[in-house]
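Structure first, commentary second.
The values are calculated or read from the model by the stated rules, or taken from the named source; none is laboratory data. If you're wondering where the values come from, they're calculated on a predicted model, not measured in any experiment. Methodologically, a virtual Cβ is constructed for each residue, glycine included, from the backbone with ideal geometry; neighbour enumeration extends over all protein chains shown.
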Amino acid sequence: MASTVASSWSFAFDAAETFEKKCSSCHSIGGGDDVGPDLKGVTERRDSKWLIRFIQESQTIIQSGDPVAVELFNKFRQKKMPDNDLAEAEVLQLLEFIKAGGAPTKTSENKSALKATPNDVELGKNLFSGSMRLSKGGPSCVSCHTAGQLQYLGGGSLGPDLTQAYSNYNDTGLSKVLTKITFPTMAEIYAAKPLTNDEVFQIKAFLYSVDKTGPVTAGYQKKFLFLGILGLFVGLGVIDFSWRSRRRKSSRPTAGGKS
Amino acid sequence: MDVRSQISILFHLDKCIGCHTCSIACKNLWTDRKGAEYMWWNNVETKPGTGFPHRWENQEDYKGGWVKEGNSIDLKGAGKFRGLKNIFHNPNLPIIDDYYEPWTYKYEDLFNAPEGNDQPVAQPISQITGKAIEIKSGPNWDDDLGGSPLYARKDPNLEKLNAQEQEDLFKVEKLVMMYLPRICNHCLNPSCVASCPSGAIYKRGEDGIVLINQEKCRGWRMCVTGCPYKKVFYNWSTGKSEKCLLCYPRIEAGEIPACMHSCVGRIRYLGVLLYDADKMKDVVHLDEDQLVEAQRDMILDPRDPKVIYEARKNGIHDSVIESAQKSPVFRFVKEWKMGLPLHPEYRTLPMLFYVPPLLPILGKMNLDVYDTSCADYFSTIDKARLPVKYLASLFTAGNEGMVREVLKKMMAVRIYRRSETVGDIQGAEMALKEAGLTRAVAEDIYTLTALATLEDRFVIPPSHREEALAMEGMELVKPGDLGFGFRDRPERM
């Protein structure tokens, strides 16, 4: 987040760089629809006031029931676009950049997950679950995400469940998202420790295989609660046993019982 | 020879009337503070009875004191490994019900009650919670055998007696009790000091008083378990432990400790003893019945030139040696061998000694007369209502001969004085001879027992406080700067 704050304060606002950093993983300019819609001609299609607000806080607009926004949201599989901490003037510059046609769109160099071998899937699973480290040192996906039937307790629950990520983002979208991670929470973490192309492919392959198998109801939360309660009682039992010879009652003689 | 000085105390139980004045003096002076309401650094117990806290002598429950381990000793309830293992949960602590829940009364109810048909009463309220309570126990709940079927019968010392002897104690015509005033024993081998994980408890080098440094105490409460006499108390308000400090601020000013000064029966004696600390290691692991004798052997004669020489070498001031020569405790304990420590089997070498009480003899119904007369006075010791076995369990770890010896001396002095003043009995010479006393010694015992003045009973060594203060650079401390409590408030308060 610090970097976005810093950029909004910098005097030399670079629209191209901002687009590359914040938009390009989901949007193209003239490259066709991706995770989000193609932005070519967007400045003619939509009113610029609406655009500025949407770029700044898309979810608020969708929740306010704006018909265009809701339609777009549904059309693009309800993927939420992160809010952007950009000033109005900066957004205008960005729109200018889009109007001018932007930079030439780079085509993804990553292979489609459909070409993955079972070995790739296995490697992807290892990378996802952390049994193999990411080569640049980024944290494993499992620390925040879960996908499919992953170990006994699944992965982390801080980030969303990625079981259906493949069908949500499609192959190229996923490649982009993983190559250049822009989600606000993740961006900072992976900025200096990006994934390599091979890793992107392997993780993609794993997510594809998980998606293909279909959704699972693993009930991780219930398991977690159950294990927690069980652990509590086992712990109390161990304490009770360790100090079994402790003084249990007062030695004050009482008329009722013996002391 | 490693000569040390110790301020030592003697309680003459034959003179104790069980009035609790000592307890009140101590309470008013030291423990009427918040968190200390339940503490009685000085308390008076009726024996047989459970005492305060209830059944404190039952070390299988409270795990206090030392136990013999081959040629050494080990703490029963704490120590290095056991203490560390239980540091966050000491399983042997007394709970408030073992002491009692301290209470006061809502006295304002007496004045503010609305007019009615009944007399207003002051309701008891807990000094811990402030709420109304039903009083279930107190620090001397079994005073004067109150509730004896419940309390006196649970006295741990009775376990040494057989069933018949126990039953005899509770027959109406044989019913008996004695008083046992207790303060901290300021032991030579204190188990509270040994069990403290913070190193907050220490035995003062100059006079052997055992104190808790309130700044260093972390409230682990291992000392509460460690002390077999249960004379270390935990203050729930300050989160630190406290104990009897033998009124050291008074002693340093040449004053008599409050409990002793206020003693109505004049049973208390205080004076310096010199002892040989080198012998300690060999003494503490001896068999139980040898402990009292061995502890007595550690005490040195302050008139012996060799002892004086060694004492001076150890930095003991001449005025302290002089004070030791006049010590009444030395006379009772070492010279006359009449002072016995309480429960020596805990191996802490307590430096508070007791002269056991000479109790009424057992009578029998003779032609409708309750007859207590008997031909031979000495045989009465074994006919005393409280069996010698019971006293031996209290004072000599079961060595009955030692108790009998003391009782014989007391009896001999009685017979001797009766023959002197009334002249109606014979055999004083015989009695003295059998007790191993001469007329002169018997006279001395009588004088120090019955006629002693304040100066005879309390020989307080000069503390040379001026030297100590100068050493610490505190010459400019003004009156009122020192006292019990905190100069810097503990954070949690």
| field | Count - residues of the stretch A:140-185 that are over 14 Å from A:Tyr220 (Cβ atoms) and not acidic (Asp, Glu) | value | 24
| Of (1) modelled with pLDDT under 95; (2) over 30 Å from B:Glu69 (Cβ atoms), B:Lys281 satisfies all except one. Which? | (2)
| Quick one: which of B:Leu150, B:Leu180 is surrounded by 13 or more Cβ atoms within 10 Å (Cβ to Cβ) and within 21 Å of B:Trp40 (Cα to Cα)? | B:Leu180
| note | Exactly one of A:Lys212, A:Lys223, A:Lys204, A:Lys193 is in a loop (DSSP other than H, G, I, E, B) and either away from chain B (no Cβ under 14 Å) or in contact with a Gly (Cβ under 8 Å, 6 or more places away or on another chain) (or both), and that residue is A:Lys193
| field | Filter result for A:Ala187 (under 30 Å from A:Asp85 (Cα atoms) and part of a helix (DSSP H, G or I)) | value | yes
| query | Does A:Lys222 meet the test of being charged (D, E, K, R) and either exposed (fewer than 11 other Cβ atoms within 10 Å of the Cβ) or assigned by TED's automatic domain parsing to the domain that holds A:Ser24 (or both)? | reply | yes
| message | Take B:Lys47 and tell me if it is under 27 Å from B:Leu188 (Cβ atoms), away from chain A (no Cβ under 14 Å) and either surrounded by 12 or more Cβ atoms within 10 Å (Cβ to Cβ) or not acidic (Asp, Glu) (or both). | response | yes
| request: Name the one entry in A:Ser251, A:Ser245, A:Ser209 that is closer than 30 Å to B:Gln59 by Cα and surrounded by 15 or more Cβ atoms within 10 Å (Cβ to Cβ). | output: A:Ser251
| message | Based on this model, can you work out whether B:Ile95 counts as among the β-branched types (Val, Ile, Thr) and within 14 Å of chain A (Cβ to nearest Cβ)? | response | yes
| Single residue of A:Ala191, A:Ala165, A:Ala205 found to be within 23 Å of A:Pro37 (Cα to Cα), of a type in the set (Gly, Ala, Ser) and either under 12 Å from the mean Cα position of the chain (by Cα) or not assigned by TED's automatic domain parsing to the domain that holds A:Lys80 (or both) | A:Ala165
| task | Confirm whether B:Lys27 is more than 24 Å from B:Gly208 (Cβ to Cβ), in contact with a strand residue (DSSP E or B) (Cβ under 9 Å, 6 or more places away or on another chain) and either aromatic (Phe, Trp, Tyr) or more than 14 Å from chain A (Cβ to nearest Cβ) (or both). | result | no
| field | The one condition in (1) away from every other protein chain (no Cβ under 14 Å); (2) charged (D, E, K, R); (3) buried (at least 20 other Cβ atoms within 10 Å of the Cβ) that B:Asp142 fails to fulfil | value | (1)
| From the list B:Glu108, B:Glu60, B:Glu134, which one is within 14 Å of chain A (Cβ to nearest Cβ), more than 22 Å from the chain's Cα centre (by Cα) and without any contact (Cβ under 8 Å) to a residue 12 or more places away in the chain? | B:Glu134
| query | For the stretch B:135-174, what are the residues that are part of a helix (DSSP H, G or I), within 25 Å of B:Tyr229 (Cβ to Cβ) and of a type in the set (A, V, I, L, M, F, W, C)? | reply | B:Leu145, B:Ala152, B:Leu158, B:Leu169
